[in-house]
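K.L.:
Quick one: the structure is below, and I'll ask about it shortly.
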Amino acid sequence: MDVIKIFSYEVKVEWFITTLVAISGIIIGIVVPILRQVVLENNKRKERIKKSYRVVWKKSSKLKPEDIFGKDSYRYKEDVPYCYSEIDETIKNKILNRQNILIIGSPLAGKTRTMYQNLRELEKKYYILIPSDGIKLDSIIIPSLKFSKLRRKVIILDNLQNFLEREKPEKKETAIEEFISKLSKKNIRIIASCRSGFEFDILKNKISVLSIIGKLENIIKIPKLERDEAEEIVKKKWKQDSLSRLFDGTIGSLILPLEEMRRRFVNAVMYEKNTLIALKMLYTSGVYGKRGLFSTDRVKLLCSTGNLRVSEEDFTRGLDNLKGKEFIEIESYDEIRVRDAYLEKIVISRHRNDFQIFNNVISTFKKDPEALFLCGNRAYNIGLVDIEKSNYLEVSINAYREALRVYTLKKFPIDYASTQNNLGRIYKILAGVKDKEENCTTAIDAFKEALKVRTYDMFPIDYAATQNNLGIAYGTLAEVKDKEENCITAIDAFKEALKVRTPEKFLIDYAATQNNLGIAYGTLAEVKDKEENCITAIDAFKEALKAYTKSDYPLENKRLKGIIEDLKKMF
């Protein structure tokens, strides 16, 4: 009996151990892959953050020139003292009061140096975040920071217009706003810079600048140096005898050897000048890559055509000479860096105007659809703000049309769709300038071509953007033709966009489309079911107000509320 009991006990123990081992194996089999996946995702996140930023939460007092100037750290001169002005105290106070700031100024005005100097001198401790060159805002991850709620946090967006250039045209209006919304939720303040003039006009045209900085008084313009002040700087601080003849009121024109570089350009041999002119042509037409690097092959091709006519041997020799004369840097075998100040202020083109440059570039790169696409984008951006709007938009259309000779639906469907979508956007804008019916119809055709690729299942975000554009085009067409029919079609397109643009995932996009939907219903109310459609329009505008709050978007909030009140009076 005792033996049986012992045997039974041993069996139970063995069964228990076996069961425990089996259960442990199952648990390990489940947990280990999960842990492995968590570690993998964490490593991927760290890698993305590493690629996205060159500075991650560094103390402001510890900033170094290369942190904020990046690859362009050559612009920082240690032996050149910072020239303080009345804006420095304003900048510091706004940072301490946790306000967003946009610093604008002409090329060489010292925007980056101003940000660097003021951050370094802050009395209180700030943690700084600086994105890498070439990063897209719609794909960026905001890294975490220990005790984040207790920290003062700032992100630096130097040359803000460049961040927009990297986004798809249909995303430019919302990418920056979505990014800023993320920053706001994490209580991260923005210090941004932008060139005054054309670039700032583009920024204002693409997005509401107030969505970035909050108030107009948070736009700080770097003042021009008066000539007598500049003379005092070069004589007393820098021990120079006289002021450069190329002084243009900026600190950079005192620092950079512009006069010497002008002399070198004038005395350069023809093939060196023509190489620089080719670089200027690419610069003017926007055909360059991330961080402003120029493709050597494109420069070479441009040099071999038109009235430049640089031989292959002279081109190679010219690059070496221009590097020795400090005009360019050879970044790699196939990339060239050149200071934009030299291209703008030193290199003199023989072209009559920019239109001639654009047309020459388009004709030269007929087999290079990427170059044509970039050229079309630049002409499109200029067309948004330039007084000769329709002329630049026509140039853009020409570039995109040429690109579509290569970007066919069959061989390059994604590029085909992007180009068609861009064409539609241009014709939509042209419709506001001339030939409304014809241009709206052409825009609609282009958007429909894009939707052959940009389907809801395959590319939902692009699908929504194009449907939104399609709705706007139909809404504009309704102003001159078949109002009821085209308004209904516009409404259908906006509803398709809203299948993707939900307030939970894309609040700003959602609000923009709801705003468009409200306009369409308001227009439809003019010809059908006035009260019902006015009420529906009001509901759409109220949905838009969920994003366009009084605190974040005061002007847009006021506009929408005014429209709602006007609609209420209609029934």
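K.L.:
When every alpha-carbon pair in region 354-568 is counted, what percent end up more than 25 Å apart?
P.N.:
When all Cα pairs of region 354-568 are counted, 45 percent exceed 25 Å.
K.L.:
Tell me, in nm to one decimal, what length is gained between K550 and K410 on full extension, where the rule is 0.36 nm per residue of separation less the Cα-Cα distance?
P.N.:
Full-extension gain reported as 45.6 nm.
K.L.:
Where in the chain are the helices, taken as whole DSSP H runs, whose Cα atoms extend 24 angstrom or more along the long axis and whose Kyte-Doolittle mean reaches at least 0.5?
P.N.:
369-385
K.L.:
So how much slack lies between K239 and T18, counting 0.36 nm per residue of separation and subtracting their Cα-Cα distance, in nm?
P.N.:
70.7 nm
K.L.:
R0 = 25 Å: FRET efficiency of V527 with V433, Cβ-based, nearest 0.05?
P.N.:
After rounding, the FRET efficiency stands at 0.45.
K.L.:
Report the Cα centroid-to-centroid distance between region 330-408 and region 264-304 in angstrom, as an integer.
P.N.:
Rounded to whole Å, the Cα centres lie 12 Å apart.
K.L.:
How would you rank 521-528, 120-127, highest first, on the average number of other Cβ atoms within 10 Å across their residues?
P.N.:
521-528, 120-127
K.L.:
Continuing with the same structure: Can you give me the long-range amide H partners of E326? Hydrogens built in the peptide plane at 1.01 Å from N, cutoff under 5 Å, separation of 5 or more residues or another chain.
P.N.:
The answer is none.
K.L.:
In nm, to one decimal, how far is the modelled label at N42 from the one at E89, with both set 7 Å along Cα→Cβ?
P.N.:
That separation, rounded to one decimal, is 5.0 nm.
K.L.:
If you take the charge dipole of the chain about its Cα centre, with +1 on Lys and Arg Cβ and -1 on Asp and Glu Cβ, which of S181, F412, L150 is farthest toward its positive end?
P.N.:
L150
K.L.:
Can you tell me what percent of all Cα-Cα pairs in region 258-345 are more than 19 Å apart?
P.N.:
Result: 29 percent of Cα pairs exceed 19 Å.
K.L.:
Also, I was wondering about something else. Just grab the label-to-label distance for D492 and L35, each label 7 Å out from Cα along the Cβ direction, in nm (one decimal).
P.N.:
In this crude label model, D492 to L35 measures out at 5.6 nm.
K.L.:
Same structure, new question: Run the simple label-point estimate for D334 and E178 please: 7 Å along Cα→C-beta, distance reported in nm.
P.N.:
3.0 nm
K.L.:
Scan around N159 for amide H atoms under 5 Å from its own, H built in the peptide plane at 1.01 Å from N, and keep only partners 5 or more places away or cross-chain.
P.N.:
S193, C194
K.L.:
Taking 25 Å as R0, compute the FRET efficiency from the Cβ-Cβ separation of V480 and K448 and round it to 0.05.
P.N.:
Once the sixth-power term is evaluated, E becomes 0.80.
K.L.:
Taking Cα pairs under 8 Å and at least six residues apart, what relative contact order does region 389-495 come out at, in percent?
P.N.:
21 percent
K.L.:
Which FRET efficiency, nearest 0.05, do I26 and L96 yield, Cβ-Cβ r, R0 60 Å?
P.N.:
Efficiency, from the Cβ-Cβ distance: 0.55.
K.L.:
A further question on this structure: If you find the alpha carbon centre of region 442-489 and of region 239-261, how far apart are they in angstrom?
P.N.:
With region 442-489 and region 239-261 each reduced to a Cα centre, they are spaced 53 Å.
K.L.:
What is region 258-345's relative contact order, in percent, from Cα pairs under 8 angstrom and six or more apart in sequence?
P.N.:
Result for region 258-345 is 34 percent.
K.L.:
Please state the relative contact order of the chain as a whole percent: Cα pairs under 8 Å, 6+ residues apart?
P.N.:
9 percent
K.L.:
Please state the charge dipole magnitude for the chain, taken about the Cα centre, from unit charges on C-beta atoms (+1 on K and R, -1 on D and E), reported in debye and rounded to the nearest 20.
P.N.:
Using Cβ point charges on Lys, Arg, Asp and Glu, the chain gives about 1740 debye.
K.L.:
Under the rule a/c < 1.5 gives rounded, and otherwise a/b versus b/c splits prolate from oblate, where does the chain land using the Cα gyration tensor?
P.N.:
It comes out oblate by the Cα gyration axes.
K.L.:
For n ≥ 4 DSSP H runs only, could you compute -39500 (n - 2.57) per run for the chain, divide by its residues and tell me the 222 nm figure to the nearest 500?
P.N.:
Calculated mean residue ellipticity at 222 nm is -18500 deg cm²/dmol.
K.L.:
Still on this model: May I ask you to order 331-338, 29-36 by the average number of other C-beta atoms within 10 Å around their residues, highest value first?
P.N.:
Taking the mean over residues of other Cβ atoms within 10 Å, the ranking is 331-338, 29-36.
K.L.:
Have a look at the DSSP beta bridges in the chain and tell me what percent are antiparallel, nearest 5.
P.N.:
Among the beta bridges of the chain, antiparallel pairing accounts for roughly 40 percent.
K.L.:
Another question, if that's okay. Sorting check: for 84-91, 489-496, which peptide has the highest mean count of neighbouring beta carbons within 10 Å, and how do the rest follow?
P.N.:
489-496, 84-91
Read-outs: derived from the displayed coordinates by stated rules, not from any lab. Fair warning: this is a prediction, and the values are worked out from it, not measured in the lab. All Cβ positions, glycine included, derive from the backbone under ideal geometry; neighbour counts span all protein chains shown.
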